[in-house]
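The values are calculated or read from the model by the stated rules, or taken from the named source; none is laboratory data. This one's a predicted model, so the numbers in the text were calculated from it and none came from an experiment. Neighbour counts run over all protein chains shown; Cβ positions are idealised from the backbone, glycine included.
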Amino acid sequence: MRALVYRKSIPLYLLNRWVSLLRPRVFYPGLSPLRLREVPFSPRKGWVVLKNRLCGICGSDLGLLRGTESVLLEPYASFPAIIGHELVAEVVEPPADSDFRAGERVVVEPLLPCRARGVPLCRFCAEGRYNICENTTRGELPPGQMGFNRGCGGGMAEFTAAPAENLFRVSDGLPDERAVLADSVASALQPVLDHFPEDGHTVVVYGMGSVGQHILRCLRVLGSRARLLAVARHAYQGELAVAGGADTVLMNPGRSELGRHAGASLLPTTLGGGNLEGGADFFFDCVGSSHSFQEGLLTLRGRGAYVMVGTAGTLRSADVSSLWLRELKVTGSVVYGHASYRGERVRTYELAVELLCRDDYPVHGLLTHCFPIEAYGGAFKAAMDKKRHRSVKVALDPGRKPSRGGAGT
């Protein structure tokens, strides 16, 4: 079968890291360890065999290709691997003990915690918090989730296989183009449910890529009456943020402007650009940079909460004095597991699919590009250069034949 395979190469990884520093929005397929190859398909015994229909490109995929992922995350992946983990698929061959039927459409939760690895449940898996499983490098499988695991395929291929418990049915009324957003919705829904604001709170959502857009939408659809302040880089992202429920959209604001709109006052300093007093109750950082981390700490009021949603590696030159001065809470949010919703414990991915089935969950303009798998170079170029291509979520269609020019839509 055809598949996009990432092979580990330290020289190419370092080369792409250097190139990304010079040209962070450019993708050079010839320099990448990623190639479209013909590979054998050998599904694991007992897993559901799937034919992939659409697979979205995630920020973690881009970080891998840019060479900007944290080097400390290396033990949690294994290569060579077929990449891609945001997938909509069709059941081809379910195991005998499964209640899935051939022809059903599903979305796939890509995590492979204790149960999938055949090891006793760790303390977090036992609590339903398998997103922070302690055994993702142990057991019957190599390290990593689907898309970063040499022992099982990802979504950027014609076929893959997954445990039945990782699959969620897609209703007939939910098209592939909407269902492919399930993973990014779930990644936004987890921090929203874990840190749901009270009415009257001020919330800053910093970064209007796909996850930031979904944080706004999740908050509104779940009934939040908080004041939502969105920070965007590009004008089209700001327009989508308004459609998603933002009360105010700021385009690349300076510290004073961000603080003023968050309800803080600027305190001048001789050096360092000034401090802020007062401000937001929650700061969802969907960028994960040194700058966004710094602005988040300064924009929060006393005992406010900074939530790191965007993947981050090394942060440099951040003044953390506000952390202790205002007794801030700083936490991360990694993908999805279980969460509390309306007094019950729910599986976040399942709830994400339910939200996408609702008519009041706006997704127009979020899936911006879809490419045949042969045109993966153009797909990753579109995903990396958001300003030029006005991209939000870019997807690959393994079953689609390329046009004469090989372009996507």
Answer from GLU109, GLU38, GLU93 - the residue that is of a type in the set (D, E, K, R), buried (at least 23 other Cβ atoms within 10 Å of the Cβ) and touching a strand residue (DSSP E or B) at 6+ places or on another chain (Cβ under 9 Å):
GLU109
How many residues does the range 308-319 contain that are modelled with pLDDT under 95 and either not polar (S, T, N, Q) or not assigned by TED's automatic domain parsing to the domain that holds PHE283 (or both)?
7
Given the condition at pLDDT 95 or above, closer than 24 Å to VAL309 by Cα, β-branched (Val, Ile, Thr) and outside any loop (DSSP other than H, G, I, E, B), answer yes or no: does some residue in the range 183-190 qualify?
yes
Would it be correct to say that LEU64 is surrounded by 20 or more Cβ atoms within 10 Å (Cβ to Cβ) and either aliphatic (A, V, I, L, M) or within 30 Å of ASP385 (Cβ to Cβ) (or both)?
yes
The conditions are (1) outside any loop (DSSP other than H, G, I, E, B); (2) surrounded by 19 or more Cβ atoms within 10 Å (Cβ to Cβ), and PRO197 fails exactly one of them. Which is it?
(1)
Inspect the range 67-80 for any residue being within 25 Å of the chain's Cα centre (by Cα), charged (D, E, K, R), more than 26 Å from THR368 (Cβ to Cβ) and surrounded by fewer than 22 Cβ atoms within 10 Å (Cβ to Cβ) and give the result as yes or no.
yes
From LEU240, LEU250, LEU216, grab the single residue that is buried (at least 18 other Cβ atoms within 10 Å of the Cβ), in contact with an Asp or Glu (Cβ under 8 Å, 6 or more places away or on another chain) and either of a type in the set (A, V, I, L, M) or under 30 Å from TYR341 (Cα atoms) (or both).
LEU250
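To keep it simple, each residue is scored yes or no on (1) buried (at least 16 other Cβ atoms within 10 Å of the Cβ); (2) among the polar types (S, T, N, Q); (3) touching a residue at least 60 places away in the same chain (Cβ under 8 Å).
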| site | (1), (2), (3) |
| --- | --- |
| GLY273 | no, no, no |
| GLY279 | yes, no, yes |
| PHE293 | yes, no, no |
| GLY302 | no, no, no |
| VAL330 | yes, no, no |
